[in-house]
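For reference, the structure is listed below as structure tokens.
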Amino acid sequence: TQHFLARIEQNASLGAFLATDSAVSLAQARVADARLAAGERTPLLGVPLAHKDIFVTRDFPTTAGSKMLENYRSPFDATVVGKLGQGVPGQGPGAGMVTLGKLNCDEFAMGSGNENSAYKPVMNPWDHTRIPGGSSGGSAAAVAARLVPAATGTDTGGSIRQPASLTGITGIKPTYGRCSRYGMVAFASSLDQAGPMARSALDCALLLSSMAGPDLDRDSTSLDLPVADYATDLIAAGAVGAGATAPKSLEGLRIGLPSQFFGAGCSADVLQAVRAALAEFEKLGATLVDVDLPLTELSIPVYYVIAPAEASSNLSRFDGVRYGHRAASYGDLTDMYKKSRSEGFGDEVTRRIMIGTYVLSHGYYDAYYLKAQKIRRLIAQDFQTAFTQCDIIAGPVSPTVAWKIGENASDPVASYLADIYTLSSSLAGLPGMSVPAGFGAHNMPVGLQLIGNYFKEAQLLGAAHQFQ
Ligand code: GLN
């Protein structure tokens, strides 16, 4: 804990952290020490990590990257935070990890470059003039710069996979509902999902087993399914640790390549790195098959209708009364709402509230929101058709390597378009991950995306682990 706290301090200029509190972290480390001294031997006990600042925490402030929640402190921990740390009431003691602090992110997780944080941008550790991806940009940068061994992230339309890809780390967005959303500041509730970001598939496997699981009293959409011991499964599959002799093989695994993920929209350097990684999978025994996801392009307009619609509803709770910022002076109640919200929300959040309110309004609901919901269903069906021909779908995560800070600042649609390869699986609720594939233009990292069918996290982690 002391080692990582020092690294965080030395690398403060990266902008990865929004809050640290060494006294709190060291106290948590002492609790872990006591559990160790009492003979407990569980794999994550005492291992430090940091949380995306979208998870509420009792011991640290929670801002969701927004001025709206400046200085907000939650009276409870998010379920994911509790499960990894000191426990969740009624669900046992927790894995005993030590929280190092809270990680920068786009405001309310809206963005693809961490430039929408109300506090500060995050630098990509590989090139400080470039974005680390978003919205879990602080999580990705902190892991990539080795300021933390692991971090949590959330993914609504790519926010774990894309920053993982752009910083050369591993991240998995599980099946929708795998991890409880309780205590995750809501963006788009039918899409939001928590997941781990770490150096390897094995580390992600360790974390996911502790993060995931039903939490039906607190999040009725959490999946009522048992969670596998993912890491033990990977180790049993061989090739971990000194002396491991089991052959690395992916014999029989069919990897589907959607033509829509390999077209002109993807830059050549990214495609080259992705294809080179896929050739490695072939050497390990996998077979590559062509599949079709014909509605991929529509996932952008569909997502950017549905996600803002849900956001406009979720963010109505920030009214200056129940939570967060309240304007210092105002006239009547309506004026108080208006001033507090105008001052508290940044431009991107305001834009989404306006889009969301519009597509939900009488007279436009059928034309936009309902239509988008219908196409969402068709997108999910296309995946099921593809999964009759393959076990895992693969492609790029992002059409380019990390762009320059400020490059897309005046053009929000440009960053919406960069979400093309992550949105469709989010809309379908499928698990997806990013695995470092190599390097592209400017020697920047490129991630390979693996998408699995529902509940197939173990298969994704296994394939990624064999490759790594
Ligand atoms: N880039 C997407 C957006 O801005 C996805 C964000 C996310 O997954 N939280 O909405």
Review point. Can you name the condition, by its number, that Ser180 falls short on among (1) within 26 Å of Phe318 (Cβ to Cβ); (2) within 15 Å of the ligand (Cβ to nearest atom); (3) crowded, with 24+ Cβ neighbours inside 10 Å?
Key: (2)
Practice item. Considering (1) touching a helix residue (DSSP H, G or I) at 6+ places or on another chain (Cβ under 6 Å); (2) in a helix (DSSP H, G or I); (3) among the acidic types (Asp, Glu), say which one Asp59 fails and leave the rest. Key: (2)
Revision key, fill the gap. Checked segment 147-172 for anything in a loop (DSSP other than H, G, I, E, B) and either within 20 Å of His465 (Cα to Cα) or at pLDDT below 95 (or both); matches are Pro149, Ile160, Gly168, Ile169
Practice item. Determine which single condition Pro89 fails, assuming it passes every other condition in (1) buried (at least 20 other Cβ atoms within 10 Å of the Cβ); (2) without any contact (Cβ under 8 Å) to a residue 60 or more places away in the chain; (3) away from the ligand (no atom under 11 Å from the Cβ). Key: (1)
Practice item. Would you tally the residues in segment 112-140 being more than 16 Å from the ligand (Cβ to nearest atom), of a type in the set (D, E, K, R) and either closer than 15 Å to Ile160 by Cβ or in a loop (DSSP other than H, G, I, E, B) (or both)? Key: 1
Review point. Any residue at all in segment 143-165 that is within 15 Å of the ligand (Cβ to nearest atom), surrounded by fewer than 24 Cβ atoms within 10 Å (Cβ to Cβ), touching a residue at least 24 places away in the same chain (Cβ under 8 Å) and not aromatic (Phe, Trp, Tyr)?
Key: no
Review point. Going by the conditions given, is Ser299 crowded, with 17+ Cβ neighbours inside 10 Å, in a helix (DSSP H, G or I), within 15 Å of the ligand (Cβ to nearest atom) and small (Gly, Ala, Ser)?
Key: yes
Point to revise | Hits in segment 255-285 - residues which are small (Gly, Ala, Ser) and at pLDDT 95 or above | key: Gly256, Ser259, Ser267, Ala268, Ala273, Ala276, Ala277, Ala279
**Study point:** Qualifying helices (runs of 4 or more DSSP H) (wholly inside segment 308-404; at least 2 residues being under 30 Å from Arg73 (Cα atoms))
**Key:** 333-344, 347-360
Review point. Quick one: which of Ala458, Ala409 is part of a loop (DSSP other than H, G, I, E, B), touching an Asp or Glu at 6+ places or on another chain (Cβ under 8 Å) and small (Gly, Ala, Ser)?
Key: Ala409
Revision key, fill the gap. Checked segment 100-111 for anything among the small types (Gly, Ala, Ser) and within 10 Å of the ligand (Cβ to nearest atom); matches are Ala109, Gly111
Check your understanding: Which condition number in (1) at pLDDT 90 or above; (2) within 26 Å of Leu284 (Cβ to Cβ) is the one that Asp224 fails?
Key -> (2)
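Yes or no, residue by residue, for (1) in contact (Cβ under 8 Å) with a residue 60 or more places away in the chain; (2) within 23 Å of Val274 (Cβ to Cβ); (3) assigned to a loop (DSSP other than H, G, I, E, B):
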{"site": "Tyr182", "(1), (2), (3)": "yes, no, yes"}
{"site": "Pro196", "(1), (2), (3)": "no, yes, no"}
{"site": "Asp219", "(1), (2), (3)": "yes, no, yes"}
{"site": "Ala231", "(1), (2), (3)": "yes, no, no"}
Check your understanding: What are the residue pairs meeting all of these: first residue in segment 357-379, first residue in contact (Cβ under 8 Å) with a residue 40 or more places away in the chain and over 17 Å from Ser424 (Cα atoms), second residue exposed (fewer than 15 other Cβ atoms within 10 Å of the Cβ) and of a type in the set (Ser, Thr, Tyr), Cβ atoms under 6 Å, and 6 or more apart or on different chains?
Key -> none
Check your understanding: List, please: which pairs have Cβ atoms under 9 Å, are six or more places apart or on different chains, and start with a residue in segment 415-433 that is at positive phi and end with one that is polar (S, T, N, Q) and within 12 Å of the ligand (Cβ to nearest atom)?
Key -> Gly429/Gln193
**Study point:** Condition met for Ala50 (part of a loop (DSSP other than H, G, I, E, B), closer than 25 Å to Ala12 by Cβ, in contact with a helix residue (DSSP H, G or I) (Cβ under 7 Å, 6 or more places away or on another chain) and among the hydrophobic types (A, V, I, L, M, F, W, C))
**Key:** no
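The values are calculated or read from the model by the stated rules, or taken from the named source; none is laboratory data. Source: prediction; values computed, not measured. Glycine gets a Cβ as well: all are built from the backbone with ideal geometry, and neighbour counts include every protein chain shown.
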